[in-house]
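Some notes on the structure that comes next.
Just so it is clear, none of the values below were taken in a lab; they were calculated from the coordinates. Keep in mind the model is a prediction, meaning the values are calculated, not measured. Positions of Cβ are generated from backbone atoms using ideal geometry, with glycine treated the same way; all protein chains shown enter the neighbour counts.
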Ligand SMILES: [Zn+2]
């Protein structure tokens with residue numbers, strides 16, 4: 001094995017989580033990553049899960065920090081949010097203005113959070129703008145932050161904004177999200193927990209599972225493969241996913257395609273979850289499927305023993321797609337309802353023990369980091385060399 005395709009030996013069972021949302025809580029709700037939080041094992045959006053101590057305790061060595069500027073559709077679809085944003089200036093600010101500008105501002109905010117954390121706690125976090133930089137950060141004992149974006153609405157309908165995000169170091173983008181955007185429609189991602197709000201007239205958006213990519217969406221996916229930004233089909237309709245697989249097969253660079261945060265259709269028949277055939281398709285592209293820490297998507301009926309379901313899901317992934325397709329994308333701090341035994345990055349410590357009892361050390365390394373490392377190498381073309389000064393990053 002090439003040493004460049006593994007974490008440094010002393011961190012070999014460290015985790016690269018491919019979907020976390022700390023900035024959703026820090027940027028929109030003013031939460032503090034440095035404080036220690038005590039999140040419960042169910043939907044509870046008012047606390048944080050990805051605080052620094054939890055990341056360290058769980059042995060998270062790198063994570064995709066996914067920027068998400070909430071779609072304006074929430075204001076028409078969910079009237080309580082319309083009321084909340086009237087009284088909370090931070091929330092109002094996120095909903096106002098151009099989504100691309102807000103996303104850029106969120107990335108600036110994250111840089112500032114990292115600066116403050118490092119000033120107080122010593123060097124613990126750093127943004128990685130290439131795989132080499134990520135491995136250097138991990139080797140020095142710090143946690144690497146990889147930049148990621150959820151939803152093509154952040155481009156404000158302009159493909160040049162994709163290039164700007166790429167130059168800034170963004171390695172990954174989920175094309176759809178919670179409401180239709182310029183690129184495509186989406187599946188219904190709101191769990192049954194919100195059914196009481198549905199009865200009050202909320203979450204009534206139209207869902208078109210038979211819709212695919214728009215012309216803009218096709219151009220966007222092509223451009224992501226060209227540039228080297230990892231294409232993620234989480235939240236996409238089955239037809240949209242098929243169209244992305246077709247584009248991937250026809251594209252000269254044969255980039256991996258991923259699902260960053262899902263359960264599996266065989267264990268939970270939700271239209272967002274990949275079918276057995278799709279697990280094989282993703283594996284064939286060289287991609288990964290990141291298992292989500294959210295009870296609603298992991299099993300139907302919902303089970304409380306989340307880690308058992310995670311282990312069953314891994315077995316199923318291996319059966320359908322092989323051991324190189326397994327990854328973790330917890331969605332911690334993404335307003336999710338996690339299982340009681342997998343409710344924060346801290347619980348990766350228990351998961352690690354369980355995995356090492358059941359699988360070989362080589363397999364555990366693959367699930368936690370090496371499969372993602374491969375996807376980063378094949379799917380991401382970093383914009384600049386690791387030593388290039390930050391001043392070279394273009395401004396919007
Ligand atoms: Zn998501």
Quiz item: Which value results for Rg/Rh of the range 211-326 when Rg is the Cα radius of gyration and Rh the Kirkwood radius based on the inverse mean 1/r?
Solution: 0.99
Quiz prompt | Label point distance in nm, residue 277-residue 96, each placed 7 Å from Cα along Cα→Cβ | solution = 4.9
Quiz prompt | Ordering of 340-349, 207-216 by burial proxy (mean other Cβ atoms within 10 Å per residue, highest first) | solution = 340-349, 207-216
Quiz item: Would you list 61, 253 from fewest to most Cβ contacts within 10 Å?
Solution: 253, 61
Practice problem: Could you work out the per residue convex hull volume over the alpha carbons of the range 74-213, in cubic angstrom? | Solution: 156
Quiz item: Ranked by Cβ crowding within 10 angstrom, fewest neighbours first, how are 336, 76 ordered?
Solution: 76, 336
Quiz prompt | Share of Cα-Cα pairs in the range 154-206 lying beyond 16 Å, as whole percent | solution = 56
Quiz prompt | FRET efficiency, residue 73 to residue 120 (Cβ-Cβ, R0 30 Å, nearest 0.05) | solution = 0.20
Quiz item: What's the extension gain from residue 29 to residue 56 if we count 0.36 nm per residue and subtract their Cα-Cα distance?
Solution: 7.5 nm
Exercise. Provide 203, 332, 74, 367 in ascending order of the number of other Cβ atoms located within 10 Å of each residue's Cβ, fewest first.
Key: 203, 74, 367, 332
Quiz item: When the label point is put 7 Å from the Cα of residue 350 along its Cα-to-beta-carbon vector, which residues of the range 280-297 have a backbone N closer than 17 Å?
Solution: 292-296
Exercise. Calculate the radius of gyration of the Cα atoms of the chain to one decimal place, then report Dmax, the largest Cα-Cα distance, as a whole number, both in Å.
Key: 19.3, 56
Quiz item: Given the options 96, 65, 313, which has the most mean-square fluctuation in a GNM of the chain, springs set between C-alpha atoms less than 10 angstrom apart?
Solution: 96
Practice problem: Grab the DSSP H runs of the chain that are 4 residues or longer, score each as -39,500 (n - 2.57), total them, divide by all residues and round the 222 nm result to the nearest 500 deg cm²/dmol. | Solution: -12000 deg cm²/dmol
Self-check item: Directionally averaged shadow of the range 206-258, computed from the convex hull of its alpha-carbon atoms, nm²
Solution: 3.5
Quiz item: Hey, what's the Cα Rg ratio for the range 1-159 versus the globular rule of thumb, 2.2 N^0.38 Å?
Solution: 1.12
